[in-house]
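The structure under discussion appears below in the form of structure tokens.
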Amino acid sequence: MRALILVDIQNDFLPGGALAVDQGDQIIPIVNQLIPKFDLVVATQDWHPKNHESFASNHPDGRIGQIIDLHGLDQVLWPDHCIQGTRGAEFARDLKLTEALKVFRKGTDPTVDSYSGFFDNDHRNDTGLSAFLNEKKISQVFVVGLATDYCVKFTALDAVNLGFNTSVVTDAVRAVNLAPDDKDVALNEMEASGITLITSSQVGRI
Ligand code: VGL
Ligand code: ZN
């Protein structure tokens, strides 16, 4: 069985949002075409408290894009984004989501960031996504969403390491690109880890 994983397709990651991903909105029509091809669709939702320690605003002299040591892990400082209950944290309005969509929220612990939809960056806390996919007899996952170089990458890497046959749909992802080649570095790293890179036209119905 196959599942589609929608990663963080939220207003704050779209053009005009707090952590806007260039052309992030362009994936939406492609994702909308993919959704009906899957029996199971799950979504991750970046869901931070206001005092999240990944926000530059919560560090005196913190600058956006700066890398700090956060309780022993390298942490990029981000603008405030996807704050619980705000419009920025809502899924993109044009996304055609079904009632049955199962949502996995992440980034709720203020002391650790959570790029992957499976675990936080310290691999301490599990969102329950892996158990849910196993319960639904899923062996193959297709990952789409935002952003290629952060949450898409870490979600796909955890998926393949957990034993799922994992594909990333390259025309249905977009990157933050703090450095200009971050997208290519991320795609190469994923491919080297056994993740298949495909385009949406290669995603069949069965
Ligand atoms: C993300 C940075 C911070 C993402 C989330 O969804 O890729 N990136 N929080
Ligand atoms: Zn975040």
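The values are calculated or read from the model by the stated rules, or taken from the named source; none is laboratory data. Treat the numbers as computed from the prediction; the structure is a model and nothing was measured. Neighbour counts are summed over all protein chains in view; Cβ atoms, including those assigned to glycine, are modelled from backbone coordinates with ideal geometry. What goes into the accessible areas is simple: the full protein's heavy atoms, side chains included, and nothing from ligands, DNA or RNA. Shrake-Rupley method; radii C 1.70, N 1.55, O 1.52, S 1.80 Å.
Here is how the numbers come out for the structure above:
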| read-out | value |
| --- | --- |
| Residues located in the stretch 147-173, provided they are open to solvent by 40 Å² or more (accessible area, probe 1.4 Å) and closer than 15 Å to Ile5 by Cα | Phe154, Leu162, Asn165, Thr170, Asp171 |
| Pairs with Cβ under 6 Å, 6+ apart, first in the stretch 67-87 and over 14 Å from Trp47 (Cα atoms), second part of a loop (DSSP other than H, G, I, E, B) and more than 14 Å from ligand 2 (Cβ to nearest atom) | Leu77/Gly62; Leu77/Gln66 |
| Only listed residue being touching a helix residue (DSSP H, G or I) at 6+ places or on another chain (Cβ under 9 Å), within 15 Å of ligand 2 (Cβ to nearest atom) and over 18 Å from Thr155 (Cα atoms), chosen from Ile64, Ile30, Ile9 | Ile64 |
| Residue count, the stretch 105-116 (criterion: surrounded by fewer than 20 Cβ atoms within 10 Å (Cβ to Cβ) and either touching a Leu at 6+ places or on another chain (Cβ under 6 Å) or closer than 20 Å to Gln10 by Cα (or both)) | 4 |
| Matching residues, the stretch 25-80, being touching a Gly at 6+ places or on another chain (Cβ under 9 Å) and assigned to a loop (DSSP other than H, G, I, E, B) | Trp47, Pro49, His52, Ser54, Leu77, Asp80 |
| Candidate set from the stretch 186-206 (those that are exposed (fewer than 11 other Cβ atoms within 10 Å of the Cβ) and of a type outside the set (Ser, Thr, Tyr)); member that is nearest to the chain's Cα centre (by Cα) | Ala192 |
| Subset of the stretch 67-91 [open to solvent by 50 Å² or more (accessible area, probe 1.4 Å), of a type outside the set (A, V, I, L, M, F, W, C) and under 24 Å from Leu178 (Cβ atoms)] | Asp69, His71, Gly72, Asp74, Asp80, Thr86 |
| Residue tally, condition of a type outside the set (S, T, N, Q) and either under 12 Å from the mean Cα position of the chain (by Cα) or crowded, with 23+ Cβ neighbours inside 10 Å (or both), over the stretch 5-27 | 11 |
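Let's see how each residue does on (1) within 14 Å of ligand 1 (Cβ to nearest atom); (2) open to solvent by 50 Å² or more (accessible area, probe 1.4 Å); (3) under 21 Å from Phe154 (Cβ atoms); (4) in contact with a Lys or Arg (Cβ under 7 Å, 6 or more places away or on another chain):
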{"site": "Pro49", "(1), (2), (3), (4)": "yes, no, yes, no"}
{"site": "Arg93", "(1), (2), (3), (4)": "no, yes, no, no"}
{"site": "Leu97", "(1), (2), (3), (4)": "no, yes, no, no"}
{"site": "Phe118", "(1), (2), (3), (4)": "yes, no, yes, no"}
{"site": "Ser139", "(1), (2), (3), (4)": "no, yes, yes, no"}
